[in-house]
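Comments concern the structure below.
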Amino acid sequence: MARWWRCWASAPPAGADAGYMPRARAGSLHGGTRMRWLIVLALSAALPAHAEPARRMVATAHPLASQAGLDMLRRGGTAMDAAVAAQAVLSVVEPHASGLGGGALILSWQAARRELLHVEGLSAAPADVPRRLTEGTTLAVLERSGRAVGVPGAVAALAAAHARHGALPWAVLFEPAIRAAEQGFPTPPYLQAVLRTRARALSAVPEIEALYFENGQPRAFLRNPEQAAALRLVAAHGPAAIQGGALGQAMVRAVGQGALPGHMSMADLTGFEPRERPALCAERFGRRVCTAAPPSSGGVAVLQQLAFLEQAGIARLAPDSAAAAHLLLEASRLTRADRRAWVGDPAQVEVPTEGLLDAAYLRGRAGLIDPARAQPEVAPGSPPRRHAAVPPAADPMAESATSHVAIVDGAGNAVSFTTTNNLNFGAEILAGGITLNNGLTNFAAATDAMNGVAPRRRPATTMAPTIVFDGDGVPMLVLGAGGGARIIDAVTVALVETLAWGADARRATARPRIGAQTGTEELEAATPAAALAPELAAMGHNPRAAAMNTGLQVLRRIPGGWEGAADPRRDGAALGE
């Protein structure tokens, strides 16, 4: 029987339609009978900290997405099959954070071949992108305009990974999402909060207002028939539905409209290719931690922070102490400085990845941390590299909403997959009922920065999907988070919790957040972390309380199987059996 952290269980998929089939072996289909939909709201507090171990498990930001993934595993699918199904459902039920109109980073472990596949499908700048995105406008106008829309890469990345590590036919994987879009679902609390927060702006967009609002208030029940039709196209044709197909044509038209139209063309869509990259892997706290490579600055930062914290001896400190919080803040400040200066798209700029993770360089940077006192200022380091110039440090113009999917199957395969529209509801443009990203605001405003905008360049991202391996090379942790710059601290602290302090998955996801990746030292509001502010101030910090809705998902191997938890700050569920 499936167990949940907090879940709504959906019907299993029906039989497959004929359609697009990438290079993957066909798998047998099980079930296919229609079951009534169940809506179950279980309080997370009612669950024990250590659930009965599960052989297979799916954790996502919404119960219907988790159920869709689990259904695919029940039908003989792999973790990668489940990831595609989960993302398709998230496009419907979590439209603000991720979807088929956004970008993605995928880590997929294939146990039989002992192969770790890293696929990058981040939204790319069009060929005709202006050198200064804010030219003639303001950031506030830019970020909700066609000019901010990047060439979406999520579908292409998923198809590439599915071709390598999938088993079920591609079309089967979209059935739960099509059903959710057609039949509807109750509006989850976190989406309601997002809609209320941005009600004025979103209601001004007729297509969004019609879908998500009624009499000025968020709808209690949502349906999206237009997206169901778009999902059918993707199910039937794969990436070609976007790259040259009717859905891509709709995207180009939508981006080219409005007061600040974009420059994305059909040639940009057809020319997009996901990139396979070696994952970044390093020994941390006695385990092998593997995460995303540049243009992910998140992966570099996570591995840096873990090195700093291990050298500083955080494992010896009480998890809830001011001393531990001090180390977390100082490590976060150091990595923020480096990632802002040194990470961009390695296809176009020389990113000193090896230098940033060089053992001697990391020891030197960690040595800057005083265990009793905050550094007044933190500057980027000078990692070993081929070029001498130090680029200007620069923040992305905007980053916020994201989602994460963590999956393990019964054959030992695992997927850690982070997916994004960038800001909540992206550019606030719909095409085929699908939210389009505003991923170009992930570029730095400074054109001479490592992460400055350029044609066909992919912006740096803080996303950090992560898989941790034990001494035998077997996955023991699968995790990642949403939440913009705060992703880095959420993933880092979860790894410290589990690897250094021995916490379970539930504790790791629920732990109060601490970090400085936004440029401000933050303690999660209304948690015990916020009470550390006076002690931290006495150490020279300037912390503030902040809401930190990071959407962390964690799967952890325990004797006999896996346990998992979805972040209680959002609407997620970890389902296993």
Quiz item: Based on Cα positions only, what radius of gyration and what Dmax would you give for the range 93-183, in angstroms?
Solution: 17.1, 54
Practice problem: Could you tell me which trypsin sites (Lys or Arg not before Pro) in the range 115-158 are loop residues by DSSP with no more than 16 other beta carbons within 10 angstrom of their beta carbon? | Solution: Arg131, Arg132
Practice problem: Sticking to Cα atoms, compute the Rg of the range 277-328 to one decimal and its Dmax as the biggest Cα-Cα distance, whole number, in Å. | Solution: 12.5, 39
Quiz item: What percent does the relative contact order of the range 79-164 come to when contacts are Cα pairs within less than 8 Å and at least six residues apart?
Solution: 34
Quiz item: If you average over every viewing direction, what projected area does the convex hull of the Cα atoms of the range 212-284 give, in nm²?
Solution: 9.7
Quiz prompt | Size-normalised alpha-carbon gyration radius of the range 116-248, reference 2.2 N^0.38 Å | solution = 1.25
Quiz item: Taking the simple approach of a point 7 Å from Cα along Cα-to-Cβ for both Ala210 and Ala315, what is their distance in nm?
Solution: 5.9
Self-check item: Relative pair counts by distance (%), Cα atoms of the range 230-358, 5 Å bins
Solution: 2, 9, 14, 13, 11, 11, 10, 10, 8, 7, 4, 0
Quiz item: What FRET efficiency comes out for the pair Glu273/Arg114, r = Cβ-Cβ distance, R0 = 35 Å, nearest 0.05?
Solution: 0.85
Quiz prompt | Vicinal HN-Hα couplings computed from phi for the range 420-425 (Karplus, 6.51 cos²θ - 1.76 cosθ + 1.60; Hz; Gly/Pro x) | solution = 8, 9, 6, 5, 3, 6
Quiz prompt | the range 132-190 - Rg (one decimal) and Dmax (whole number), Cα, Å | solution = 18.0, 49
Quiz item: Arg288's amide H: which non-local residues (gap 5+, or another chain) put their own amide H closer than 5 Å, with H modeled 1.01 Å from N in plane and none for Pro or chain starts?
Solution: Phe469
Exercise. Show the residues, 5+ positions off or on another chain, whose built amide H is closer than 5 Å to the amide H of Ser296.
Key: Thr461
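Counting only helical runs of four or more DSSP H residues, what would the 222 nm mean residue ellipticity of the chain come to if each run contributes -39,500 (n - 2.57) and the total is spread over all its residues?
Mean residue ellipticity, 222 nm, calculated: -8500 deg cm²/dmol.
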Practice problem: Compute the Rg/Rh shape ratio of the range 444-577: radius of gyration over Kirkwood radius, all on alpha-carbon atoms. | Solution: 1.04
Quiz item: If you take the C-alpha gyration tensor of the chain, multiply each eigenvalue by 5 and take the square root, what semi-axes do you get, largest first, in whole Å?
Solution: 33, 28, 23
Quiz item: Rounded to the nearest 0.05, what FRET efficiency do Leu368 and Asn542 have when you use their Cβ-Cβ distance and R0 = 25 Å?
Solution: 0.90
Self-check item: the range 445-460 - phi-based ³J(HN,Hα) in whole Hz, Karplus 6.51/-1.76/1.60, Gly and Pro as x
Solution: 5, 6, 5, 8, 6, 4, 9, x, 6, 7, x, 6, 6, 10, x, 4
Quiz item: log10 I(q)/I(0), Debye, Cα-only the range 501-577, no solvent, q = 0.11 Å⁻¹?
Solution: -0.36
Quiz item: FRET efficiency for Ala347 and Asp472, Cβ-Cβ distance as r, R0 = 45 Å, nearest 0.05?
Solution: 0.85
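Laboratory data are not the source of any read-out in this text; all were calculated from the coordinates shown. Not measured: the values here are computed from a predicted model. We place every Cβ from the backbone using ideal geometry, glycine too, and count neighbours over all the protein chains shown.
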